[in-house]
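**Student:** Take a look at this one; I'll ask things after.
The values are calculated or read from the model by the stated rules, or taken from the named source; none is laboratory data. Quick caveat, the model's predicted, so the values are computed rather than measured. Positions of Cβ are generated from backbone atoms using ideal geometry, with glycine treated the same way; all protein chains shown enter the neighbour counts.
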Amino acid sequence: MIEKPIISAAEAAGKIREGDSLMVGGFLACGSPHTIIQALKEKGTKNLTLICNDTAAHDLKSGKITGVGYLVQGKQFKKIIASHIGLNQETQRQMNAGETVVELVPQGTLAEQVRAAGSGLGGFLTPTGVGTEVEKGKQVILVNDRPFLLELPLKADVAIIKAKKADRAGNLVYNATARNFNPLMATAANLVIAEAEEIVEIGEIDPNEVHTPSIFVDFLVKAERLEW
Amino acid sequence: MIEKPIISAAEAAGKIREGDSLMVGGFLACGSPHTIIQALKEKGTKNLTLICNDTAAHDLKSGKITGVGYLVQGKQFKKIIASHIGLNQETQRQMNAGETVVELVPQGTLAEQVRAAGSGLGGFLTPTGVGTEVEKGKQVILVNDRPFLLELPLKADVAIIKAKKADRAGNLVYNATARNFNPLMATAANLVIAEAEEIVEIGEIDPNEVHTPSIFVDFLVKAERLEW
Amino acid sequence: MEYIANKENIAKRIAKFFKSGEVVNLGIGLPTLVGNYVPKDVTIVLQSENGMMGLGPAPAKGEENRDLTNAGSAPVTVQIGGCFFDSATSFGIIRGGHVDYTVLGVLEVDQEGNLANYKVPGKMVPGMGGAMDLTTGARVVIAATLHFEPSGASRMKRKCTLPLTAAREVNVVVTDLGLFEVMGDRFYLTECFEPYTPEWILEKTDADIVVKNDCRIVKID
Amino acid sequence: MEYIANKENIAKRIAKFFKSGEVVNLGIGLPTLVGNYVPKDVTIVLQSENGMMGLGPAPAKGEENRDLTNAGSAPVTVQIGGCFFDSATSFGIIRGGHVDYTVLGVLEVDQEGNLANYKVPGKMVPGMGGAMDLTTGARVVIAATLHFEPSGASRMKRKCTLPLTAAREVNVVVTDLGLFEVMGDRFYLTECFEPYTPEWILEKTDADIVVKNDCRIVKID
């Protein structure tokens, strides 16, 4: 196995270009790559398209922000694709003010779209969203007389994800519910940067316990910011 | 967590009824539930439909048989859905003689069909098989001008699978390449019986290392036959 | 008759639905309360759509694990015998029919079984999160809601006016007045909670409600 | 010119395609030989479609693990840093374009890039196994084959007559005579292996072959 380069969070942020589509792992900031997020906030790269389960939290009264909320605050996204923005009032403000395009996707559909992109599928049929606004503009296909929506794969230019442990080859292990979208996004972007709390030598992770195979990971970053 | 009943291989075989569709885990007999397979052979239940990656091995000259090959030998299947029958000359003989219907499916499509059934998808679009005999009778759907086949989910009445370790709740851990189709089949059958080499108390498997969540498993069988 | 909003009664009644071994997903808010009232001799498995089977209670102060939260980002624990998985697996479990009950909050629910709870256009748009998958995939969909909005209007409608979370997926509505089954474009009152009466409920609810022959008056405790 | 079948030359030449870090899937049979000739300074990752990244060589006698096999059910080892996964993940990796090279055996391969290797109707029907997904998903599809059938007919055809494993997916054909690229419904001879000559290859092969301007005569060693 070859070793993957360990780079700084600033270097990682530098690999994300203006206009890129960007997948960010995490679920309401749990399991998000906070070190890279902060570096990307400092870098200030704009016109990104975010693909993330949600936009974490931003309470406009208290000013408290978590996870990708920092990037929303910096208005770094022209478009946000997510299943939930309920805890981020700034996202809702930008959406209602027409400053940022927000596309809401059912969570299971979003997860499956990312998986489909990583798995080379042309799409999938889901019963989720039939008869709702989610159906709009989509092909409805009947299978045994039951209607399904044809949902298409969702790829990104870059994915930034967070693991508990990585080996130098890029094999990843996640912890508890910090797993969420991270392993899916690892498969679906042209460039994958994994932030890990611990980076160990090749051979130190049991091959039965690897959650993300090394071949998906291009660069490693040592996690320095663990709080949301 | 409630405990799942531990039953004998004979009891497990007794839950498979004439005419059932039956998923069997394993890849050329590696990771197959050999103890239950032998009990089902003794029971002699007929008219089953097999869903399995392959039909393992049966060399008509030497008489050597592995895995589900024993059930093929007993002519217990009226239909076989598999991706590969190359090492089982008896399957080929039955097919060519018109004794058993054999449906060959690309391996990745078969895996995804089982997953789709377990995941509540109505189907998926795959590029695999376009322009080949696999395309016959299937809907071709263009996505961005690229043709894909619409493949449908594949469910079963019963799945018999094999794990390295189970806890009493039914959480499963597989070993090495003996994993293969087992975790997929655990999700896609009405009744799931898992054969395990080791059955431990609830709490003895790290929740981060579970491959198949307990809720998929209905019954446990202690593995007694490990050789193919 | 005086109406006093009572979320606990809703949670208490819903908690009686479950049998040991069943898999349940409780939404954030009112539905979460249901977990407090599951009878001690019933062992259910709580699924959390952010990737866990065996959701446990909140940890003791100081014992929080930043990697272990529920779908509302609150710190939780995992039960012995639980496990973790990714979001595609989590929704495979949900859509695949492996969750027996989903209990969801309500903005509006109507007699066709439609549910609206994710969007008030131009005002509040939290997003659907996992609710659309849950209502589609779970074996039984229970809508849990106070019977009345603060304005006094019933949340049970003839027809939802807000964007739908689920089209014709709701099986049961439990309010603080009673338990309603949804069938054939009608609500069927099957349990009326003390001190309310079927007549009073019908009078206060602008929807087609059939009082079942065997409708019982139930004291929730 | 006398033809002496030489599988090793095919394997040796294919092994030179790979760069360190690339992911390669080798089919059973002739393609497996390729693994023996990968240069020592090139570190590739072998994927095995039965669920492994980092396929290693056969174990020493007595060291076999019945849970650790390749896609042909032969005992193998796993390299340090390898890992295991289920069949859906394995084919997600394959179809998703994460395998750089797939090397497959041949019954027939034609100038349109069609490959037939899984079925001789009524005679031999092993099944396609993972070959259809591999040819569809891998970045580069290499067909590896002795140039001639035992009968003396070329396996490189104008048009396959057997059921196809892959329609227009083959990028490169390596035989024991030379290396051919497939483009625009033609074979392009880009390397001719000693002692054969382009003229002899063209004469012996019933297919449209263009000899590339920069076609080299190569000694395989």
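**Student:** Which numbered condition in (1) more than 12 Å from chain D (Cβ to nearest Cβ); (2) within 22 Å of D:Leu164 (Cα to Cα); (3) among the hydrophobic types (A, V, I, L, M, F, W, C) is the only one that B:Ile160 fails?
**Tutor:** The number of the failed condition is (2).
**Student:** Among the residues of the stretch A:131-147 satisfying the criterion of being surrounded by fewer than 22 Cβ atoms within 10 Å (Cβ to Cβ) and hydrophobic (A, V, I, L, M, F, W, C), which is farthest from the other protein chains (Cβ to nearest Cβ)?
**Tutor:** So, considering only residues that are surrounded by fewer than 22 Cβ atoms within 10 Å (Cβ to Cβ) and hydrophobic (A, V, I, L, M, F, W, C), the one farthest from the other protein chains (Cβ to nearest Cβ) is A:Val140.
**Student:** Just checking, which of D:Pro121, D:Pro150, D:Pro163 is surrounded by fewer than 23 Cβ atoms within 10 Å (Cβ to Cβ), without any contact (Cβ under 8 Å) to a residue 40 or more places away in the chain and not charged (D, E, K, R)? Step through it out loud before you land on a result.
**Tutor:** Values: D:Pro121 fails: without any contact (Cβ under 8 Å) to a residue 40 or more places away in the chain; D:Pro163 fails: without any contact (Cβ under 8 Å) to a residue 40 or more places away in the chain.
From the options D:Pro121, D:Pro150, D:Pro163, the qualifying one is D:Pro150.
**Student:** A further question on this structure: Let me confirm something: among D:Ala58, D:Ala71, which residue is at the interface with chain B (Cβ under 8 Å from one of its Cβ atoms), aliphatic (A, V, I, L, M) and not in a strand (DSSP E or B)?
**Tutor:** Exactly one of D:Ala58, D:Ala71 is at the interface with chain B (Cβ under 8 Å from one of its Cβ atoms), aliphatic (A, V, I, L, M) and not in a strand (DSSP E or B), namely D:Ala71.
**Student:** Find the strands (runs of 3 or more DSSP E) located wholly in the stretch C:142-221 whose residues include 2 or more that are within 30 Å of A:Glu135 (Cα to Cα) and of a type outside the set (Phe, Trp, Tyr), and list them. Steps first, please.
**Tutor:** Numbers: elements: C:172-174, C:178-183, C:186-193, C:209-218.
Here the list reads C:172-174, C:178-183.
**Student:** Hey, could you check the stretch B:201-228 for residues that are among the hydrophobic types (A, V, I, L, M, F, W, C) and within 11 Å of chain C (Cβ to nearest Cβ) and say which is farthest from the chain's Cα centre (by Cα)?
**Tutor:** Of the stretch B:201-228, the ones among the hydrophobic types (A, V, I, L, M, F, W, C) are B:202, B:205, B:210, B:215-217, B:219-221, B:223, B:226, B:228.
If we keep only those that are within 11 Å of chain C (Cβ to nearest Cβ) as well, we get B:202, B:205, B:210, B:215-216.
Details: B:Ile202: 26, B:Ile205: 24, B:Val210: 19, B:Ile215: 18, B:Phe216: 14 Å.
Once the filter is applied, the top-ranked residue is B:Ile202.
**Student:** Something else now. Restricting to the stretch C:124-145, count the residues that are over 12 Å from A:Gly108 (Cα atoms), within 14 Å of the chain's Cα centre (by Cα) and surrounded by 20 or more Cβ atoms within 10 Å (Cβ to Cβ).
**Tutor:** Summing the residues that are over 12 Å from A:Gly108 (Cα atoms), within 14 Å of the chain's Cα centre (by Cα) and surrounded by 20 or more Cβ atoms within 10 Å (Cβ to Cβ) in the stretch C:124-145 gives 6.
**Student:** Among the residues of the stretch A:46-64, write down those that are of a type outside the set (D, E, K, R), surrounded by fewer than 21 Cβ atoms within 10 Å (Cβ to Cβ) and touching a helix residue (DSSP H, G or I) at 6+ places or on another chain (Cβ under 7 Å).
**Tutor:** The answer is A:Leu60, and nothing else.
**Student:** Taking the stretch B:51-83 as the search range and keeping residues that are in a strand (DSSP E or B) and over 20 Å from B:Asp157 (Cβ atoms), which one is nearest to the other protein chains (Cβ to nearest Cβ)?
**Tutor:** Here the answer is B:Asp54.
**Student:** Still on this structure: Only one of D:Ile142, D:Ile220 is among the β-branched types (Val, Ile, Thr) and under 30 Å from D:Phe91 (Cβ atoms); which?
**Tutor:** When all the criteria are applied, what remains is D:Ile142.
**Student:** Separate question: Taking the stretch B:155-171, which residues are more than 15 Å from B:Pro5 (Cα to Cα), of a type outside the set (A, V, I, L, M, F, W, C) and touching a residue at least 60 places away in the same chain (Cβ under 8 Å)?
**Tutor:** Hits for the stretch B:155-171 are B:Lys155, B:Asp157, B:Lys162.
**Student:** Would you mention how many residues in the stretch C:49-77 are hydroxyl-bearing (Ser, Thr, Tyr) and surrounded by fewer than 23 Cβ atoms within 10 Å (Cβ to Cβ)? Even if it seems obvious, please write down each step before you answer.
**Tutor:** Start the filter on the stretch C:49-77 by keeping residues that are hydroxyl-bearing (Ser, Thr, Tyr), which leaves C:69, C:73, C:77.
Still in the running and surrounded by fewer than 23 Cβ atoms within 10 Å (Cβ to Cβ): C:73, C:77.
Total satisfying the criteria: 2.
**Student:** So how many residues does the stretch A:75-104 have that are within 30 Å of D:Gly137 (Cβ to Cβ) and in contact with a helix residue (DSSP H, G or I) (Cβ under 7 Å, 6 or more places away or on another chain)?
**Tutor:** Total meeting the criteria: 1.
**Student:** May I ask you to list the residues in the stretch B:94-118 that are within 11 Å of another protein chain (Cβ to nearest Cβ) and without any contact (Cβ under 8 Å) to a residue 40 or more places away in the chain?
**Tutor:** Within the stretch B:94-118, B:Met95, B:Asn96, B:Val102, B:Glu103, B:Leu104, B:Val105, B:Pro106, B:Gly108, B:Glu112, B:Ala116 meet the criteria.
**Student:** Which number in (1) modelled with pLDDT under 95; (2) among the basic types (Lys, Arg); (3) touching a helix residue (DSSP H, G or I) at 6+ places or on another chain (Cβ under 6 Å) marks the one condition that D:Lys119 misses?
**Tutor:** That leaves (3) as the condition not met.
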